[in-house]
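Working notes, beginning with the structure itself.
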Number of protein chains: 4
Amino acid sequence: MACHEITYRVPYADTDQMGVVYYANYLTYFERGRTEMLRDAGLPYSELEKQGIFLPVIEAHCKYLAPARYDQLLTLQSWVEEIKGVRMIIGSKVIYAGTTLVSGSVTLACISADRKPVRAPEPLIAACQPFFL
Amino acid sequence: MACHEITYRVPYADTDQMGVVYYANYLTYFERGRTEMLRDAGLPYSELEKQGIFLPVIEAHCKYLAPARYDQLLTLQSWVEEIKGVRMIIGSKVIYAGTTLVSGSVTLACISADRKPVRAPEPLIAACQPFFL
Amino acid sequence: MACHEITYRVPYADTDQMGVVYYANYLTYFERGRTEMLRDAGLPYSELEKQGIFLPVIEAHCKYLAPARYDQLLTLQSWVEEIKGVRMIIGSKVIYAGTTLVSGSVTLACISADRKPVRAPEPLIAACQPFFL
Amino acid sequence: MACHEITYRVPYADTDQMGVVYYANYLTYFERGRTEMLRDAGLPYSELEKQGIFLPVIEAHCKYLAPARYDQLLTLQSWVEEIKGVRMIIGSKVIYAGTTLVSGSVTLACISADRKPVRAPEPLIAACQPFFL
């Protein structure tokens with residue numbers, strides 16, 4: 001119904017010599033965003049792992065529309081695009097001053113501790129309802 | 001005609017607590033691979049920058065088929081999928097022991113120092129010929 | 001008089017296969033801490049750079065007492081140990097649940113845009129007063 | 001008797017907007033250096049872990065004398081300063097074109113899989129002999 005938002009301040013560590021955030025770092029921004037979405041959904045990822053469910057990324061896609069820069073207070077948006085079978089697709093956007101800088105999506109697979117695919121557990125599907133878009 | 005290859009040893013720094021390489025780090029592997037491809041093509045990226053040509057990433061895509069692990073000596077393959085107008089698409093694979101772990105592609109835009117799009121310069125197109133696939 | 005505090009949530013990106021935060025990442029935590037200290041002191045580092053003052057690190061020291069782990073909400077403490085001549089020493093601690101996990105210090109040099117050492121500017125010294133320890 | 005050397009090419013990923021390698025990244029360079037030193041000593045760190053010996057860093061120190069830059073082919077030197085009891089101190093230097101850019105040392109603790117301190121095993125001490133300085 002709505003996407004989830006957190007803010008994140010760009011440190012020097014994330015920039016490169018082009019004076020912008022290095023392209024790989026946005027994937028860690030996506031991670032920060034979806035982790036807090038799951039926490040707000042009542043099901044922190046660390047809790048899922050304790051229950052023996054892991055969510056490795058099996059596919060990622062990013063469009064870099066404009067660069068983020070040092071010290072900007074970015075908005076990281078996350079939402080659930082799909083949960084079906086053993087997969088979950090999370091959408092992500094990085095926004096600054098009302099402009100989308102980067103948009104992308106990440107496909108997660110649900111696996112057990114011994115790395116076997118498992119269906120997305122019902123409590124995970126239920127928890128994600130507010131963040132379906 | 002052939003893809004370019006380098007090797008890369010996975011440091012502890014690149015792993016995460018799942019015991020595998022963290023998903024964002026493969027994008028830096030792709031960077032390492034395409035940088036050495038350009039160098040072998042006779043046109044190091046640092047040289048391009050001195051000539052006022054920058055190649056920021058405008059799109060990236062990754063499929064994670066199997067995890068890379070600490071201390072593995074990976075093979076990083078790179079090739080040119082397309083150079084047309086202001087864009088260049090580079091394909092990349094991360095391989096270990098004959099198995100493709102990650103495959104992806106990155107779209108680069110040619111821009112000038114003042115961040116205006118410019119056509120891919122002829123010497124860049126010529127240099128890339130051996131690595132078209 | 002007091003040290004400055006922010007909180008920081010450990011992402012998967014920062015962990016390694018030992019299941020703890022990789023040792024180099026604490027230096028980025030120190031950066032996050034001292035950046036927010038300067039902002040709260042009324043003199044954001046990005047502002048200093050606009051005025052032509054850069055503060056590269058010339059020395060760093062870290063003691064790793066206990067590991068930080070995924071998803072912990074850490075407290076990052078920062079304070080000023082010394083500002084004298086062209087140097088500034090910032091102390092840092094990473095704390096979780098009342099326990100100091102990592103403590104260290106970083107020496108910064110004040111330099112101009114052309115990389116010449118310059119005395120720490122008066123406004124910087126004045127702004128730092130509340131965070132002397 | 002001699003220090004160990006490897007080369008390392010600086011990727012864009014390691015630089016920051018000051019146009020130099022970000023200070024935390026040198027600690028990963030130190031890791032790359034000491035890992036290859038142990039491998040050349042005949043005792044790869046991954047082998048040690050399989051034998052139940054882990055070497056977390058308990059202290060690190062860095063002096064940043066001059067910046068490393070994008071695309072430089074750095075020389076990473078490593079040597080053993082001390083092995084005594086449960087500790088091992090490794091010295092490291094980052095060199096470019098004959099100039100030492102960064103020098104530092106890292107203290108490692110020998111621990112067992114259940115994180116108890118253990119004496120540095122004899123084979124580790126023996127293997128390190130060629131790299132004592």
If you go through segment B:81-98, how many residues are free of Cβ contacts under 8 Å to residues at least 12 places away in the same chain and within 14 Å of chain D (Cβ to nearest Cβ)?
0
Any residue at all in segment A:63-75 that is touching a strand residue (DSSP E or B) at 6+ places or on another chain (Cβ under 6 Å) and under 21 Å from A:PHE131 (Cα atoms)?
yes
Could you count how many residues in segment D:20-30 are more than 10 Å from chain C (Cβ to nearest Cβ) and surrounded by fewer than 22 Cβ atoms within 10 Å (Cβ to Cβ)?
0
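Evaluate the following for A:VAL86: is it farther than 23 Å from B:GLN17 by Cα and either of a type in the set (Ser, Thr, Tyr) or modelled with pLDDT of 95 or more (or both)?
Judged against the criteria, A:VAL86 is not a match.
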Would you say A:LYS93 is surrounded by fewer than 17 Cβ atoms within 10 Å (Cβ to Cβ) and not aliphatic (A, V, I, L, M)?
no
Would you pick out the residues in segment A:35-80 that are in contact with an Asp or Glu (Cβ under 6 Å, 6 or more places away or on another chain) and within 13 Å of chain C (Cβ to nearest Cβ)?
A:SER46
Checking D:TYR12 against (1) more than 14 Å from D:LYS93 (Cα to Cα); (2) facing chain C (nearest Cβ under 8 Å); (3) among the aromatic types (Phe, Trp, Tyr): exactly one of these is not met. Which one?
(2)
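The values are calculated or read from the model by the stated rules, or taken from the named source; none is laboratory data. Keep in mind that this is a model prediction, so the values were computed, not measured. Please note: Cβ atoms are built from the backbone with ideal geometry, for glycine as well, and neighbour counts cover all protein chains shown.
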